[in-house]
Every structure is written in C-alpha cells, then in structure tokens.
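Structure first, then comments.
Read-outs: derived from the displayed coordinates by stated rules, not from any lab. Here the structure is a predicted model, which is why all the values come from computation and not from measurement. Don't worry about glycine lacking a Cβ; one is built from the backbone with ideal geometry, like all the others, and counts go over all protein chains shown.
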Amino acid sequence: MPMPSPEQQKRARIFGVLFGLTFVTSIAGLILYDPVLNDADYILGDGADTRIQLGALCEIFLVITNIGTAVVLWPIVRRQSETLALSFVASRVVESVFIAVGLISLLSVVSLREEFAGGGADAGSLTVAGESLVAIHDFTFLLGPGFCVGVNGLLLGYLFYRSGLVPRQLAMFGLVGGPLIFASSIAILFGAYEQTGGVGFLFAVPEIIFEAGITVYTIWKGFRPSPILDDSRYVEVREAPVREALAAR
C-alpha cells in the first residue's frame, strides 16, 4: 500500500487546517450576527454595526476556507472519482455563493440603518426592509449550511470511504450525516422545526462528528496509506495517451 509522500501529507494538513477554520469562522459569524438576526427593530435603533461587520468579515474568510478545502483536496481525490471530486468542488462553490449572498444582505441592513434610521424615514417601511433582508439571510443559511453541506458530507464521505485516506469508520459519519442534514433541510424548508433548534442540531450531529473528526485526523496524522497516493501510477496513466499520440505520428 503506497505511503503518503511528504507533499501529500502537507496537503492533508493544509486541508485539515482549512476545514478547522471553516468551523471557527462560521460559528464566530453566527454569534456576531445575533443582534441583527434576533431583533426586529435593529434597523431602527443604535445598532451594533461594528459587530455585524466583523461577522461579515468572518464569513468572507469562511468563503475562502470553504473553497480552499475542496481545491486543496482535488488533486488527490480526483484519482478516486473525477466526477465526484469535481462535484465536491462545485458544491463547495455553490455553498460559498449562498454564504456571500447572506452576508451581503446583513451588510445591507447596516447600510440602511446608517443611512435612514433617525432621519425621518418611515419606521414601518424600514422595519419591513430590514426583516426582508434578514429573511434572505435565513434562506441562504438553509440553502448553504443546510442543503449544500448535506451534499458535501455525502460526497466527501464517499470519496474518503472508497479511498481509505481516513479511517472508514470516520468516513461513515459523512455517508450517514450528509443525507440526514439534507433530509432535515427539507423538513425545515416546510416549517417542521427551526434550523438552529434542538431537532435540527440532533440531525446535524453525525455530520459534525464527521467534519470535526477529519479535521483532527488530517492535522494530526495526515492521510492513511492508499492506492490513490501512488504518484507514479497516476502520472503514467495520464501520460500514456500523450505518448501514444506522439508515437503514432
């Protein structure tokens, strides 16, 4: 069984660090956003604008690290399945787009408050505008960290399970957790319960274990020995059609 090269282990640890940063930035952003998400009259008051702007900054870093996890892993897992590896990259990008739309909507609340609150604007209209922008954020939170994370967990769990880059018992949490989050997101979409409530959290536990587990494992140990880590084998496979074309001339 091919052992990971130093370059591959470095890639594994970069992946782990980036994945860990997605945890930190997403949780920090949600905490910092609390005043605007849970106060219907935020747009009319003094506001905690700096706090909201820091939350947006955290989510900008979340977008970067989100896409980074997929890009760093791509050259390795494409050897297992190029289609699924590309699907994982695409899903991460789509998730990041939803996150970006959400942070823009909350920054728009801040801009409206600074521009019009206390300046004679109709309070009712401002409140409706603010609540609408917060609702946009709530739906992007469902579509990004909801549906897309479910797809991500399933794809990454399968790639890791088949390749053996991390312990298969750990990869199983992704195979189970991804579909659970996706199903839970459907229930949330139809109003069964709140995404951040106890039931939603319960459905997210396997995916949380999976993501936390691969973060710790790849930072601590890197990749496990796997057939897809054999650089010479995959370089030869990719170069063979080129050599055949040159020989035919």
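Counting residues in the range 59-80 that are among the acidic types (Asp, Glu) and over 19 Å from the mean Cα position of the chain (by Cα) gives zero. The condition of being out of contact with any Gly (no Cβ under 7 Å at 6 or more places or on another chain), in contact (Cβ under 8 Å) with a residue 40 or more places away in the chain and hydrophobic (A, V, I, L, M, F, W, C) holds for only one of LEU156, LEU142, that being LEU142.
In summary, helices (runs of 4 or more DSSP H) completely within the range 64-169 and bearing 3 or more residues that are surrounded by fewer than 18 Cβ atoms within 10 Å (Cβ to Cβ) occur at 82-116, 123-142.
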